[in-house]
Amino acid sequence: MTRRFLFLITGSRADGNTELLARRAAEQLPEDVEQRWISLADHPLPDFEDLRHDPDRVRSADPNVELLLDATLAATDLVIVSPLYWYSLSAQAKRYLDYWSGWLRHPGVDFRATMAGRTLWGVTALAHRETEVADPLVGTLNHSTAYMGMRFGGVLLGNGSKPGDVLNDTEALARAKTFFAQEAPFARFPYDS
């Protein structure tokens, strides 16, 4: 299967540190790997309304919801590009993941079965030097993929606060060169042995 990467930019700043780091990592992908970049600032999702148990639910008519559902289903590799905001994902990233709950019971879409075995990656920039402050973000992505039966490639962490700062993080830029080349294991919950 040809790999198709979907990069979801979920920060509130265009060309922010997280996006810059993600683009550096993406530069290392082979030329035959398809890349699609979607900014949730350009395609905002409406507030998630949980209609999973509503027997009259229908597929959303919102063009951004449809765009993201179709792009997600088409991707072999999904990259959440989210700055660390208050020690977790951006609001846009969290809202996107909330939509997964609705897509699990979406008429005509076997979302969980389709996503099983695919890979989720994360890229984030943070202002702290202590990377463990990003553990809630990493945990959210890992647990979401474990629930879905997906692989988890981990999170590429970089340091930066002011625009462009991450380009001075030589260790993060070095990790970016091989980040997508690693074999991603199936995600597991901490209680799985």
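Which one of the conditions (1) outside any loop (DSSP other than H, G, I, E, B); (2) surrounded by fewer than 15 Cβ atoms within 10 Å (Cβ to Cβ); (3) among the hydrophobic types (A, V, I, L, M, F, W, C) does residue 93 fail to meet, given that it meets all the rest?
Failing condition for residue 93: (2).
Could you give me the residue pairs with C-beta distances under 9 Å whose first residue belongs to the range 113-141 and is modelled with pLDDT of 95 or more, whose second residue is acidic (Asp, Glu) and open to solvent by 10 Å² or more (accessible area, probe 1.4 Å) wherever it lies, and which are 6+ apart or on separate chains?
Taking only residues 6 or more apart or on different chains, the pairs are 123/19; 125/19; 125/165; 125/169.
When residue 150 is evaluated against the numbered criteria (1) out of contact with any Lys or Arg (no Cβ under 6 Å at 6 or more places or on another chain); (2) at pLDDT 95 or above, which criterion, by number, is the only one it fails?
Tallying (1) out of contact with any Lys or Arg (no Cβ under 6 Å at 6 or more places or on another chain); (2) at pLDDT 95 or above, residue 150 fails exactly one: (1).
Is it the case that the range 31-50 has a residue that's touching a residue at least 12 places away in the same chain (Cβ under 8 Å), open to solvent by 70 Å² or more (accessible area, probe 1.4 Å) and of a type in the set (S, T, N, Q)?
Yes, the range 31-50 contains at least one residue that is touching a residue at least 12 places away in the same chain (Cβ under 8 Å), open to solvent by 70 Å² or more (accessible area, probe 1.4 Å) and of a type in the set (S, T, N, Q).
Keeping to the range 117-147, report how many residues are surrounded by fewer than 22 Cβ atoms within 10 Å (Cβ to Cβ) and either more than 13 Å from the chain's Cα centre (by Cα) or of a type in the set (A, V, I, L, M, F, W, C) (or both).
14
Under 23 Å from residue 20 (Cα atoms), over 12 Å from the mean Cα position of the chain (by Cα) and not in a strand (DSSP E or B): does that describe residue 193?
Details: under 23 Å from residue 20 (Cα atoms): no; over 12 Å from the mean Cα position of the chain (by Cα): yes; not in a strand (DSSP E or B): yes.
The answer is no for residue 193.
Of the residues that sit in the range 167-193 and are over 12 Å from residue 153 (Cβ atoms) and modelled with pLDDT under 95, which one is least open to solvent (accessible area, probe 1.4 Å)?
In this case the residue turns out to be 192.
The values are calculated or read from the model by the stated rules, or taken from the named source; none is laboratory data. Everything numeric here is computed off the predicted structure, so don't read it as measured data. Neighbour counts run over all protein chains shown; Cβ positions are idealised from the backbone, glycine included. Calculation scope for accessible area: heavy atoms of the full protein, side chains included, ligands and nucleic acids excluded. Shrake-Rupley method; radii C 1.70, N 1.55, O 1.52, S 1.80 Å.
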